[in-house]
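Take a look at the structure below.
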Amino acid sequence: MASIKSMASEALKSVTPEGLLSSLSMSTLRFIFGTKNLEDWKQKATIIIGIEAMFCFVALLDLISDKSLSEHGIHPRQITGLPGIVLSPLLHRSLLHFIVNAVPFAILGGLVMIRQRGIELFSMLTAAAGLGSGALVWAFGQSGTSYVGSSSLIFAYFGYLLVFGILVQEIRAALVSMGVFFIYGSLLFGSSSETSWEGQMFGFVIGCVFATMHTRGSLPGFTEDKDYTVANDSEKESLISGPDNA
């Protein structure tokens with residue numbers, strides 16, 4: 001009896017807050033994706049945190065410089081507004097604008113990145129959504145408006161996760177992305193003075209198209225993947241998250 005108590009005591013001492021947090025994070029991610037192959041999630045989380053830190057730094061720098069940086073957004077059909085196609089996702093009109101975007105960006109972007117070849121997939125989708133929606137806003141946006149903010153990327157991630165989840169019947173991930181969207185979507189749409197519905201709409205459409213191409217094997221760089229819509233359960237788990245020993 002004494003030995004059992006001693007073993008229990010040693011086991012409790014070995015439990016640390018960091019270990020509990022890691023186990024909880026892994027359990028949550030495994031529930032969402034139904035797989036055990038999530039050992040590289042820390043590396044991917046570090047990338048998301050790094051991007052968020054860059055957004056925060058730019059927002060603080062803009063605040064210190066009396067919002068001079070946020071004036072370099074997308075100015076539709078003006079040559080001076082072309083650099084904004086690249087710069088606008090980094091810029092926010094206020095710290096509140098940044099905070100409203102930060103949480104859904106981290107969650108939805110993380111859900112994109114956590115899957116198989118997630119870093120490459122996340123990079124391609126981010127570039128396509130940022131440049132694509134930026135170019136469309138420049139061409140079709142309202143004249144006299146400066147468009148800034150990362151909400152076009154957020155809606156691209158949401159569109160991708162939603163359509164991908166429906167097409168491959170990855171319902172849990174689709175439900176999580178919908179939950180995040182409905183919780184924060186009202187804030188994004190409600191901040192009409194700081195966000196643009198045009199950028200959000202274009203980003204969402206790009207995300208949907210991206211997911212459709214991915215599932216059909218027509219996405220550049222992912223053409224060797226099988227058609228997710230016809231894969232069986234074991235094949236889908238392998239395609240979504242890779243082999244267990246990867």
Inset, instruction - Could you please tell me which pairs satisfy a Cβ distance under 6 Å, a separation of 6+ or placement on different chains, a first residue in region 122-144 that is loosely packed, with under 13 Cβ neighbours inside 10 Å, and a second residue that is not in a helix (DSSP H, G or I)? - result: Ser143/Pro76
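Every residue, every condition in (1) surrounded by 17 or more Cβ atoms within 10 Å (Cβ to Cβ); (2) in contact with a Lys or Arg (Cβ under 8 Å, 6 or more places away or on another chain); (3) within 25 Å of Ile49 (Cβ to Cβ); (4) touching a residue at least 24 places away in the same chain (Cβ under 8 Å), yes or no:
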position	(1), (2), (3), (4)
Ile64	no, no, yes, no
Ile85	yes, no, no, yes
Tyr160	yes, no, yes, yes
Arg172	no, no, yes, yes
Inset, instruction - Determine if region 57-75 includes at least one residue that is among the hydroxyl-bearing types (Ser, Thr, Tyr), at pLDDT 85 or above, assigned to a helix (DSSP H, G or I) and out of contact with any Cys (no Cβ under 6 Å at 6 or more places or on another chain). - result: no
Inset, instruction - Starting from residues that are modelled with pLDDT of 90 or more and in contact with a Phe, Trp or Tyr (Cβ under 8 Å, 6 or more places away or on another chain), keep the ones in region 109-122 and report whichever is nearest to Ala59 (Cα to Cα). - result: Gly109
Legend entry - Residues satisfying the stated conditions in region 87-99, i.e. over 19 Å from Gly50 (Cβ atoms) and crowded, with 19+ Cβ neighbours inside 10 Å: Ser88, Arg93, His97
Inset, instruction - Give the number of residues within region 77-95 that are in a helix (DSSP H, G or I) and over 19 Å from Ser65 (Cα atoms). - result: 5
Inset, instruction - Look at region 42-60 and say how many of its residues are surrounded by fewer than 13 Cβ atoms within 10 Å (Cβ to Cβ), farther than 17 Å from Asn101 by Cα and not β-branched (Val, Ile, Thr). - result: 2
Inset, instruction - Could you please find all residues in region 148-199 being in contact with a strand residue (DSSP E or B) (Cβ under 7 Å, 6 or more places away or on another chain) and at pLDDT 85 or above? - result: Gly199
Legend entry - Candidates Ala156, Ala102, filtered to the one that is surrounded by fewer than 21 Cβ atoms within 10 Å (Cβ to Cβ), in contact with a Phe, Trp or Tyr (Cβ under 8 Å, 6 or more places away or on another chain) and either in contact (Cβ under 8 Å) with a residue 40 or more places away in the chain or closer than 21 Å to Lys42 by Cβ (or both): Ala102
Inset, instruction - Please tell me if Gly118 is touching an Asp or Glu at 6+ places or on another chain (Cβ under 8 Å), buried (at least 19 other Cβ atoms within 10 Å of the Cβ) and either among the β-branched types (Val, Ile, Thr) or farther than 13 Å from Leu82 by Cα (or both). - result: no
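The values are calculated or read from the model by the stated rules, or taken from the named source; none is laboratory data. Since we're looking at a predicted model, the values are computed, not measured. In this analysis, Cβ positions are derived from the backbone assuming ideal geometry, glycine residues included, and neighbour counts consider all displayed protein chains.
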